[in-house]
Amino acid sequence: MNRNEMTCVFTSKSQNESLARMVAAAFVAQLNPTIEELADVRTAVSEAVTNSIVHGYGDREGVIELRFLSEGDILRIQIRDYGVGIEDVELAKQPFYTSKDTLERSGMGFAVMEAFMDTLEVESTVGEGTTVAMTKRIGADDE
């Protein structure tokens, strides 16, 4: 089985969201995805990283770890922050829920991630941070 992995660590600055999208695209490109699969992964990564920046760290700066692992046609992505954490993950995953209602946030981040990826798992501890783990089978449309 063909296996590859990569880790990217960056500061929780809004301009690094586009960096995360480019890194995701570069890693996924080697798996020969469809344009739609590539767009799905870029969008899901963008949402997760934006959540870490806006909700995990807010006005303070921190570190975001972005990990990719491909095993055959399965892509695993993990986004981790060491921010404030999420008190109620199930509530946070509800469409239109946002903890930043004073900002222009749609509350659709987790819903978007779920729509574009095959699996989504969120683990969070208040005061310690959040880890978002997603998988997607690349090439699923080929069969």
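The values are calculated or read from the model by the stated rules, or taken from the named source; none is laboratory data. Predicted model, so just to flag it, every value in this text is computed and none were measured. Heads up, the Cβs are rebuilt from the backbone with ideal geometry, glycines too, and the neighbour counts pull from every protein chain shown. Side chains are part of the model used for accessible areas, which takes the heavy atoms of the whole protein and leaves out ligands, DNA and RNA. Shrake-Rupley method; radii C 1.70, N 1.55, O 1.52, S 1.80 Å.
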Inset, instruction - Kindly list, by first and then second residue, each pair from a residue in region 16-31 that is at pLDDT 95 or above to a residue that is outside any helix (DSSP H, G or I), limited to pairs with Cβ atoms under 6 Å and residues at least 6 apart or on different chains. - result: Asn16/Phe10; Ala20/Leu66; Val23/Cys8; Phe27/Met6; Phe27/Phe68
Inset, instruction - Could you please let me know if Arg60 is open to solvent by 40 Å² or more (accessible area, probe 1.4 Å), under 22 Å from Ala92 (Cα atoms) and either in contact with a strand residue (DSSP E or B) (Cβ under 6 Å, 6 or more places away or on another chain) or assigned to a helix (DSSP H, G or I) (or both)? - result: no
Legend entry - Failed item in (1) exposed (fewer than 13 other Cβ atoms within 10 Å of the Cβ); (2) under 14 Å from the mean Cα position of the chain (by Cα); (3) not polar (S, T, N, Q), with Arg80 passing the rest: (1)
Inset, instruction - Test Arg42 against the criterion of being open to solvent by 40 Å² or more (accessible area, probe 1.4 Å), part of a helix (DSSP H, G or I), at pLDDT 95 or above and more than 11 Å from Val132 (Cβ to Cβ), and give yes or no. - result: yes
Legend entry - Set Glu47, Glu65, Glu36, Glu87: member being touching a strand residue (DSSP E or B) at 6+ places or on another chain (Cβ under 7 Å) and of a type outside the set (A, V, I, L, M, F, W, C): Glu65
Inset, instruction - Could you tell me whether region 77-87 includes any residue that is of a type outside the set (Lys, Arg), within 12 Å of Ser124 (Cα to Cα) and modelled with pLDDT under 90? - result: yes
Inset, instruction - List the number of the failed condition for Ala26; all other conditions in (1) among the aliphatic types (A, V, I, L, M); (2) open to solvent by 30 Å² or more (accessible area, probe 1.4 Å); (3) closer than 22 Å to Val126 by Cα hold. - result: (3)
Inset, instruction - Mind listing whichever residues of region 18-39 are within 17 Å of Met117 (Cβ to Cβ) and not in a helix (DSSP H, G or I)? - result: Leu31, Pro33, Thr34
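Would you check if Ser52 is touching a residue at least 24 places away in the same chain (Cβ under 8 Å), out of contact with any helix residue (DSSP H, G or I) (no Cβ under 7 Å at 6 or more places or on another chain), of a type in the set (Ser, Thr, Tyr) and open to solvent by less than 40 Å² (accessible area, probe 1.4 Å)? Before you say what the answer is, go through the steps one by one.
Numbers: touching a residue at least 24 places away in the same chain (Cβ under 8 Å): yes; out of contact with any helix residue (DSSP H, G or I) (no Cβ under 7 Å at 6 or more places or on another chain): yes; of a type in the set (Ser, Thr, Tyr): yes; open to solvent by less than 40 Å² (accessible area, probe 1.4 Å): yes.
Answer is yes for this residue.
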